[in-house]
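The values are calculated or read from the model by the stated rules, or taken from the named source; none is laboratory data. This is a predicted model, so every value here is computed, not measured. Heads up, the Cβs are rebuilt from the backbone with ideal geometry, glycines too, and the neighbour counts pull from every protein chain shown. For accessibility, only protein heavy atoms count, side chains too; no ligands or nucleic acids. Shrake-Rupley method; radii C 1.70, N 1.55, O 1.52, S 1.80 Å.
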Amino acid sequence: VGCGSSGMIDDEAVVWPSRDARMVRLNKYVGRKSPFLFLVEAAAVSDSGEIAGYGFTEVGGWGDAGFLAIPE
């Protein structure tokens, strides 16, 4: 887990499923009902796959908060 950039936008929260896999952008999983506008960084992952990090909850980057992503 960490943050990455495609060069098109600022850093964003990502995860690498395995050493040989491509990074997966976590923002593609943020739904319309989520309080988050943008996930900035994934900081840790548990043995069960839960990902903790932080993101922005308001336009302009104010209102940053922690998130916990729980896989289905």
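With θ taken as phi - 60° and the Karplus curve 6.51 cos²θ - 1.76 cosθ + 1.60 applied, the whole-hertz 3J(HN,Hα) list for the range 27-35 is 4, 5, 9, 6, x, 4, 8, 6, x Hz, x standing for glycine and proline.
If only the Cβ of Lys and Arg carry +1 and only the Cβ of Asp and Glu carry -1, the dipole of the range 20-61 around its Cα centre is close to 300 debye.
With the other protein chains left in place, how much accessible area per residue, in square angstrom, belongs to the chain at a 1.4 angstrom probe? On a per-residue basis, the chain sits at 74 Å².
The amide H of Cys3, built 1.01 Å from its N in the peptide plane, has Val14, Ala42 as neighbours under 5 Å, considering only residues 5 or more places off or on other chains.
For the chain, a simple Cβ point-charge model (Lys and Arg +1, Asp and Glu -1, everything else neutral) yields a dipole of about 280 debye relative to the Cα centre.
Kindly provide the Kirkwood hydrodynamic radius of the chain in Å, to one decimal, from all pairs of distinct alpha carbon atoms. Computed over Cα pairs of the chain, the Kirkwood hydrodynamic radius comes out at 12.5 Å.
Less than 5 angstrom separates the built amide H of Thr57 from those of Leu37, Asp64, Ala65, all sequence-distant by 5 or more or on a different chain. When you count the other C-beta atoms within 10 angstrom of each residue and take the mean per peptide, 16-23, 29-36, 47-54 line up highest first as 47-54, 29-36, 16-23.
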